[in-house]
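Read through the structure below, which is laid out as structure tokens, and then see the notes.
The values are calculated or read from the model by the stated rules, or taken from the named source; none is laboratory data. None of the values given here were measured: they were computed from a predicted structure. Note that each Cβ is placed from the backbone with ideal geometry, even for glycine, and that neighbours are counted across all protein chains shown. Quick note on the areas: whole protein, heavy atoms, side chains included, nothing else; ligands and nucleic acids left out. Shrake-Rupley method; radii C 1.70, N 1.55, O 1.52, S 1.80 Å.
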Amino acid sequence: MTTERRPDREKSWREWNGLVAELRAAGAAVHHFPSLPGLSDMVFPTDVGVVDGNRFVRGRFRHPERRDEAAHGATWLLEHGFTEIPWPDDPNMYLEGGDAVRFGDVLLCGNGPRTSPAAAAHLSRVLDIPVVTVPIVDPRFYHLDMSFCPLDDRRAIYAPDVWDVEGQRVVEKLVPEPLIISIDEALTFSANSVVIGRTVVMPACPPRIRSALEDWGFTVRVSPVDEFLKAGGGIRCMALDLDLLGRSGHLSPLVQVE
């Protein structure tokens, strides 16, 4: 995430179109809407909110330069029939959608530089779902979806060394069959993936991870997004799940931003 590593615009478009094709081939319905000038991080729409059925909680960015993204994403959702769940008047609540990940009957919520514990408690109340808070201690992994990827009701890819000891214990109890990855493997953004049925669409897949996934019966599809990784986001960051709580362990129809 440095201005010295500028993305190549034409290559970015090729990668984006390639990812859309892979998601659709895996069975996802992909919608997209144009970003606004000046919103450079709008290419990562997963952060604009948490969507549950026909309602959503708008992202609440800690950093002022990103707040217009949440408003732009909310406008699209409202125009397409979704109802917004309001935030309480508490300036200490911050939430980015990349910190909210469904697994089984609970919502895991990262607690770190982008999302506050109070926001996790708010999600639990308004969405009527148990929320497990996972404190992130490695500053390179600013969202939970960089270190945790649900595969189904029993399996998940995750990098425990990203979290504090209590977070490790909670997730260990929650996931019966984990695919534990190292920090180096997580830095390939292999956990920042999209799962559609038995297909895992990944920005990169180290051989050990591919072998484990295929042994479990998953199909791995690698869709490189190197130009987007320069800005700190992978495939899961590039897709907003339009019903995060609807199907445990799987992603529903997605929306992408061009």
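A 1.4 Å probe over all protein chains sorts Trp216, Trp76, Trp13 by accessible area into Trp13, Trp216, Trp76, starting with the largest. Under a model in which nothing but the beta-carbon of Lys, Arg (+1) and Asp, Glu (-1) is charged, the chain shows a dipole of about 260 debye around its Cα centre.
Highest GNM mean-square fluctuation among Lys11, Lys230, Lys173, for the chain modelled with Cα contacts below 10 Å: Lys173.
With the simple model of a label 7 Å out from the Cα in the direction of the Cβ, Ser40 to Glu214 spans 3.9 nm. The residues packed around Gly18, meaning those with a beta-carbon under 12 Å from its beta-carbon, carry a net charge of 0 if Lys and Arg are +1 and Asp and Glu are -1. Think of the chain as a dipole: +1 on every Lys or Arg Cβ, -1 on every Asp or Glu Cβ, centred on the Cα centre; then among Ala26, Phe228, Ala121, Ala26 lies furthest on the positive end. Computed extension gain for Asp8 through His32, at 0.36 nm per residue and net of the alpha carbon distance, reaches 6.6 nm.
Calculated on the Cα set of the chain, radius of gyration then Dmax: 16.7, 49 Å. Summarising the label geometry, the points placed 7 Å from Cα in the beta-carbon direction at Val222 and Arg154 lie 2.8 nm from one another.
Can you say what percent of the DSSP beta bridges in the chain, counting only those with both residues inside, are antiparallel? Round to 5. So the antiparallel bridges amount to about 45 percent of the total.
Beta bridges per DSSP, both residues in the range 40-184: antiparallel share near 50 percent. Of Glu79, Glu185, Glu65, the residue with the greatest mean-square motion in the GNM of the chain, using alpha carbon springs below 10 Å, is Glu79. Potential lengthening of the chain between Arg55 and Arg198 amounts to 48.8 nm, from the contour at 0.36 nm per residue minus the alpha-carbon distance.
Shown is the FRET efficiency for Ala25 and Glu79, computed with R0 = 30 Å from the Cβ-Cβ distance and rounded to the nearest 0.05: 0.60.
Please identify which residues in the range 129-149 have an amide N closer than 13 Å to a label point set 7 Å out from the Cα of Asp164, following the Cα→Cβ vector. Those under the cut-off are 133-138. The order of Arg125, Arg236, Arg208 by accessible area, most exposed first and with a 1.4 Å probe, is Arg125, Arg208, Arg236.
Using C-alpha positions alone, give me the convex hull volume of the range 149-197 per residue in cubic angstrom. Looking at the range 149-197, the number lands at 64 Å³ per residue. Between Glu96, Glu22, Glu177, the GNM of the chain built on Cα springs shorter than 10 angstrom shows Glu177 fluctuating the most.
When the Cα positions of Asn192, Pro160, Ala212 are compared along the charge dipole of the range 152-252, Ala212 comes out farthest toward the positive end, with charges on each C-beta of Lys, Arg, Asp and Glu.
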